[in-house]
Amino acid sequence: MLTLPEFEWVRPATLDALLAHLADHGADTLVVAGGTDAVPNLKHRLHEPRYLVHLGGVAELGFVRNEPDALHMGPLVPLSRIASEPRIRTDFPSLAKAAGLVAGPQLRNMGTIGGNLCLDTRCTYYNQTLFWRQALGFCLKKSGTVCHVVPNGKRCVAAHASDVAPVLISLGAEVEIANRAGRRVIPVADFFVADGIHNNVLEPGDLVTRISVPAAARGMRAGYQKLRPRAAIDFPMLSVAFAARLGNGVCEDARLVVSSIAAKPRTISGVEAIVRGKPLDETVAQALAAAAHQQCHPLINVAYDQEYRREMVPVYVRRAVREAAGVES
Ligand SMILES: Cc1cc2nc3c(=O)[nH]c(=O)nc-3n(C[C@H](O)[C@H](O)[C@H](O)COP(=O)(O)OP(=O)(O)OC[C@H]3O[C@@H](n4cnc5c(N)ncnc54)[C@H](O)[C@@H]3O)c2cc1C
Ligand code: SF4
């Protein structure tokens with residue numbers, strides 16, 4: 001049986017109390033929202049914090065506000081609510097779809113959008129028990145000195161595994177980060193860094209306090225496609241988010257994001273040149289698929305064949321573009 005390590009349980013009732021705790025003990029604290037990823041990781045001794053701070057008592061982090069400038073979501077909003085909220089389904093269908101494809105129903109009821117954005121990276125050699133990892137000699141991400149995926153590598157290349165993050169990037173969403181000193185807002189596209197040991201810009205003491213999708217994304221044509229072994233529950237082994245703005249039947253701009261292959265989602269370059277002034281048709285879908293195929297190189301960081309995942313990149317890009325265009329694939 002896998003047990004939890006010892007920790008001190010802290011359950012603040014206000015954001016101020018929470019940020020005060022993080023200011024004093026951020027480096028020794030694991031923040032837990034729904035706990036659907038953090039708790040299994042604790043049982044695997046991937047985290048051994050002195051304090052476990054549960055966000056569940058901070059009611060002010062659980063809002064959804066559909067306002068003229070943006071859809072604003074508190075980090076504690078459950079994924080099941082994001083998936084089912086009528087205005088989100090109407091205005092941002094790819095966001096509702098991605099949230100509805102995370103794990104299974106129970107996990108979407110517990111799992112939050114903030115936890116999904118801040119989800120730890122995943123790797124075959126990391127998401128294992130302490131006994132398993134010890135037998136292997138650990139790895140760079142925790143307690144070891146080598147990477148088993150890239151043996152001479154200096155950085156962890158564990159896979160970013162959040163379904164919602166690539167969609168947020170495709171829609172130009174922003175994230176608010178707070179600490180006791182103040183708040184800052186950055187694009188979700190700048191939230192991630194290419195190191196799987198800690199793949200986002202959060203520092204000890206920081207907390208995600210809001211995720212906002214701009215009103216400008218409301219009219220975008222968007223799609224989200226996810227490849228996973230079992231459609232009922234698994235993490236993605238490849239995910240593709242696409243969003244395009246159309247005017248007079250042709251594309252004005254677009255974003256294409258491929259994820260679950262490296263430590264941060266990859267925004268495909270050259271997309272604007274491919275789509276600008278063109279209808280969202282099969283020729284554009286093929287050109288975007290070719291660009292993504294050229295730029296994406298999955299590694300054996302998750303337990304699925306890397307060549308297969310690479311060959312699925314253009315397939316899933318075409319499907320996402322067709323979905324955005326409203327064409328059956
Ligand atoms: C069987 C199984 C299948 C799964 N399948 C998927 C899947 O298909 N797709 C997917 O995306 N996920 C999947 N997950 C992972 C997880 O369930 C979801 O990502 C969920 O959204 C995590 O949210 P949470 O609130 O439970 O996060 P938690 O587990 O509470 O936290 C996750 C991480 O986020 C940090 N965190 C949480 N909130 C904040 C905040 N406000 N500010 C800063 N840091 C914060 C925590 O410290 C922790 O590091 C799966 C999990 C399981 C067990
Ligand atoms: S990619 Fe390498 S360093 Fe990162 S978790 Fe996997 S084996 Fe460890």
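The numbers here are math on the coordinates, done by the rules we state, and not lab data. Everything quoted here is computed from the prediction, not taken from an experiment. So basically every Cβ, Gly included, is an ideal-geometry build from the backbone, and we count neighbours across all protein chains shown.
Hey, among the residues in the stretch 140-152 that are surrounded by fewer than 21 Cβ atoms within 10 Å (Cβ to Cβ) and either under 24 Å from the mean Cα position of the chain (by Cα) or more than 12 Å from ligand 2 (Cβ to nearest atom) (or both), which one's nearest to residue 36 (Cα to Cα)?
Checking each candidate, the answer is 142.
Residues that are among the β-branched types (Val, Ile, Thr), assigned to a loop (DSSP other than H, G, I, E, B) and either farther than 26 Å from residue 124 by Cα or more than 16 Å from ligand 2 (Cβ to nearest atom) (or both): does the stretch 4-16 have at least one?
yes
Quick check on my filter: what residues within the stretch 162-179 are part of a loop (DSSP other than H, G, I, E, B) and surrounded by fewer than 23 Cβ atoms within 10 Å (Cβ to Cβ)?
172
Cβ-Cβ under 7 Å, sequence separation 6+ or interchain: first residue in the stretch 7-21 and among the small types (Gly, Ala, Ser), partner not in a helix (DSSP H, G or I). Which pairs?
If the second residue must be not in a helix (DSSP H, G or I), the pairs left are 13/58; 20/180.
Applying the selection to the stretch 279-289, what residues are touching a strand residue (DSSP E or B) at 6+ places or on another chain (Cβ under 8 Å) and surrounded by 15 or more Cβ atoms within 10 Å (Cβ to Cβ)?
Scanning the stretch 279-289 gives 280, 284, 288.
Is it true that some residue in the stretch 132-152 is within 15 Å of ligand 1 (Cβ to nearest atom), in contact (Cβ under 8 Å) with a residue 24 or more places away in the chain and part of a helix (DSSP H, G or I)?
So far as the stretch 132-152 goes, no, none of its residues is within 15 Å of ligand 1 (Cβ to nearest atom), in contact (Cβ under 8 Å) with a residue 24 or more places away in the chain and part of a helix (DSSP H, G or I).
Among the residues of the stretch 1-15, what is the count of those that are among the acidic types (Asp, Glu) and either in contact with a Gly (Cβ under 6 Å, 6 or more places away or on another chain) or surrounded by 12 or more Cβ atoms within 10 Å (Cβ to Cβ) (or both)?
1
Could you list all residues from the stretch 66-83 that are part of a helix (DSSP H, G or I) and either within 23 Å of residue 185 (Cβ to Cβ) or hydroxyl-bearing (Ser, Thr, Tyr) (or both)?
Answer for the stretch 66-83, where residues must be part of a helix (DSSP H, G or I) and either within 23 Å of residue 185 (Cβ to Cβ) or hydroxyl-bearing (Ser, Thr, Tyr) (or both): 79, 80, 81, 82.
Considering 87, 45, 50, 65, which residue is in contact with a strand residue (DSSP E or B) (Cβ under 9 Å, 6 or more places away or on another chain), at positive phi and more than 11 Å from ligand 1 (Cβ to nearest atom)?
45
Check every one of the helices (runs of 4 or more DSSP H) wholly within the stretch 254-329 and list those with 1 or more residues that are closer than 25 Å to residue 122 by Cα.
Counting at least 1 such residues, we get 282-295, 306-325.
Looking only at residues in the stretch 180-201 that are more than 25 Å from residue 47 (Cβ to Cβ) and in contact with a Lys or Arg (Cβ under 9 Å, 6 or more places away or on another chain), which one is surrounded by the most Cβ atoms within 10 Å (Cβ to Cβ)?
189
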